[in-house]
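Here's the structure we're looking at; comments come further down.
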Amino acid sequence: MDGLQSKLVHGGEPRPRIGGAVIPPIFQSATYEQVPGSGYHDGRYIRLSNTPSHDHLHEKLSIVCGAEAALVASSGMAAITSTLLALLGSGDTVVAQDLLYGGTESFFSGEVQRWGIGVHRIDACDPDSWGSPPAGSRVVYCEAITNPTCRIGDFKALTRWAREHDLISVIDATFATPALLRPIELGFDLEVHSATKALNGHGDIAAGVVVGREDLVKKIRHCLDHLGGHLDAHACFLLHRGIRTLALRVERQCQNALLLARFLDGHPAVSITHYPALERHPDHHRCLELFGGKGGGVLSFDVSSGVEEAERITVSTQLMTTAPSLGGVETLIIRPASSSHAAVDPAVRIRMGIPDSLVRIACGVEDGFDLVADLVRVMGDRN
Ligand code: PLP
């Protein structure tokens, strides 16, 4: 079983099938009977993420990502924060990419620093600027495709640099998904995802994933057990359902995003379009090398005439729904400054390349020409 879509469908499925069920059932039980002679730590309990629902999801995700171990969590942020809290302590430093999802950015500039953990920023696209990490650095953290400016870092150089300096390397691969990027093969120690997005793909649950080195996943799982960020049984069932069609959905989302990016790039109302599959994107060479030329399902563009027009576009589309999130079957449109990055300091937003007039589109699986028609109706045609 070599193909990704086969692994997504068949990897980790319980054998023999439980009661013959082709689809694994929902194990709606918080606790499980103890087998005579077994110890307390052998027992299954939902908060310990060791129920049958968790076991087969962990197995599937390990197979799909080519990783030693996997862990699901109650949200992407639960996966990210448990990972960082398990790996870092007071006096340590985390080396963080300077462009990050707003929630992660707020965590780095808020809680992490209050707990005595230092944050050292790097431009993941420019290895020449990294030098040596500050003393006490333990972890380097980056995003596969940055949200919402779609930059792609030099990950081969980054994992090499992390090994040289004894740092644990962690990548948030939510925007890439396992269908486009293979972080573990690139040498990352850990890969995290908001499975609320493409991994589940149907916009009906919150979930998170950590995959990677077994010793590290074990540590993170211990931390998650205490923080209580486990995934509930019904969400496990839905995540399993969604994962099975990941590669099919991502393929269509990439096609739709490229179609919209080509429409927007050069449109008279748009000053810049951010999408890595466009030839003139600054990281296009890495998109070709690491992502097979596919740019993912999300693109963003800056509206030349300013925030009022950007807001009008955002609320005027009909097929595209004005809502945050991404990776679902329906296309969503937002202004990051008023949603995903609203909590980030406005000056920091500007440094991150997120003006108020930036609009982000997260493509679904509709017919691409209908999505273009939606924009033509609202913005006019290219010429
Ligand atoms: N990472 C990225 C790149 C995201 O875009 C998001 C949410 O938008 C998260 C993490 C957080 O995920 P969740 O909302 O599942 O906690």
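The values are calculated or read from the model by the stated rules, or taken from the named source; none is laboratory data. Nothing here was measured: the structure is a model prediction, and the numbers come from that model. As a convention, Cβ positions derive from the backbone with ideal geometry for all residues, glycine included, and neighbour counts pool all protein chains shown. To get the accessible areas, we keep the full protein, side chains included, count just its heavy atoms, and leave off ligands, DNA and RNA. Shrake-Rupley method; radii C 1.70, N 1.55, O 1.52, S 1.80 Å.
Within the set Ser90, Ser62, Ser82, Ser75, the sole residue that is within 11 Å of the ligand (Cβ to nearest atom), modelled with pLDDT of 95 or more and in the same structural domain as Lys197 (by TED's automatic domain parsing) turns out to be Ser75. Taken over segment 175-188, the criterion of being away from the ligand (no atom under 14 Å from the Cβ) and either open to solvent by 30 Å² or more (accessible area, probe 1.4 Å) or in a helix (DSSP H, G or I) (or both) is satisfied by Pro178, Ala179, Arg182, Ile184, Glu185, Leu186.
Filter the helices (runs of 4 or more DSSP H) completely within segment 238-347 down to those with at least 2 residues that are within 16 Å of the ligand (Cβ to nearest atom). Outline the logic, then answer.
Values: elements: 246-264, 284-291, 307-316.
It comes to 246-264.
Among the residues of segment 197-224, the ones that are near the ligand (Cβ under 10 Å from one of its atoms) and open to solvent by 30 Å² or more (accessible area, probe 1.4 Å) come to 2 in all. The one condition from (1) within 21 Å of Ile63 (Cβ to Cβ); (2) of a type outside the set (S, T, N, Q); (3) not assigned by TED's automatic domain parsing to the domain that holds Glu68 that Arg252 does not meet is (1).
The number of residues in segment 52-73 being among the hydroxyl-bearing types (Ser, Thr, Tyr) and crowded, with 23+ Cβ neighbours inside 10 Å comes to 1.
Quick check, is Gly103 assigned by TED's automatic domain parsing to the domain that holds Leu216, over 25 Å from Cys150 (Cα atoms) and out of contact with any Leu (no Cβ under 7 Å at 6 or more places or on another chain)? Spelling it out, it is not the case that Gly103 is assigned by TED's automatic domain parsing to the domain that holds Leu216, over 25 Å from Cys150 (Cα atoms) and out of contact with any Leu (no Cβ under 7 Å at 6 or more places or on another chain).
Taking residues in segment 170-191 that are of a type outside the set (A, V, I, L, M, F, W, C), and partners anywhere that are within 15 Å of the ligand (Cβ to nearest atom) and open to solvent by 30 Å² or more (accessible area, probe 1.4 Å), the pairs with Cβ atoms closer than 6 Å and at least 6 places apart or on different chains are Thr174/Lys197.
Annotation: of all residues in segment 123-155 being touching a helix residue (DSSP H, G or I) at 6+ places or on another chain (Cβ under 7 Å) and among the β-branched types (Val, Ile, Thr), the one that is nearest to the ligand (Cβ to nearest atom) is Ile152. Apart from one condition, Tyr101 fits all of (1) more than 16 Å from the ligand (Cβ to nearest atom); (2) open to solvent by 50 Å² or more (accessible area, probe 1.4 Å); the exception is (1).
Of all residues in segment 33-48, those that are closer than 19 Å to Val217 by Cβ and open to solvent by less than 100 Å² (accessible area, probe 1.4 Å) have Cβ atoms under 9 Å from Cβ atoms of residues that are among the hydroxyl-bearing types (Ser, Thr, Tyr) and part of a helix (DSSP H, G or I), 6 or more apart or on another chain, in Ile46/Ser53.
Inside segment 228-265, can you point out the residues that are open to solvent by less than 10 Å² (accessible area, probe 1.4 Å) and within 16 Å of Ala373 (Cα to Cα)? Of everything in segment 228-265, those that are open to solvent by less than 10 Å² (accessible area, probe 1.4 Å) and within 16 Å of Ala373 (Cα to Cα) turn out to be Asn256, Ala257, Leu260, Ala261, Leu264. Taking the condition under 16 Å from Ser300 (Cβ atoms) and surrounded by fewer than 20 Cβ atoms within 10 Å (Cβ to Cβ), does Pro355 pass? Here the answer is yes, as Pro355 does meet what is asked.
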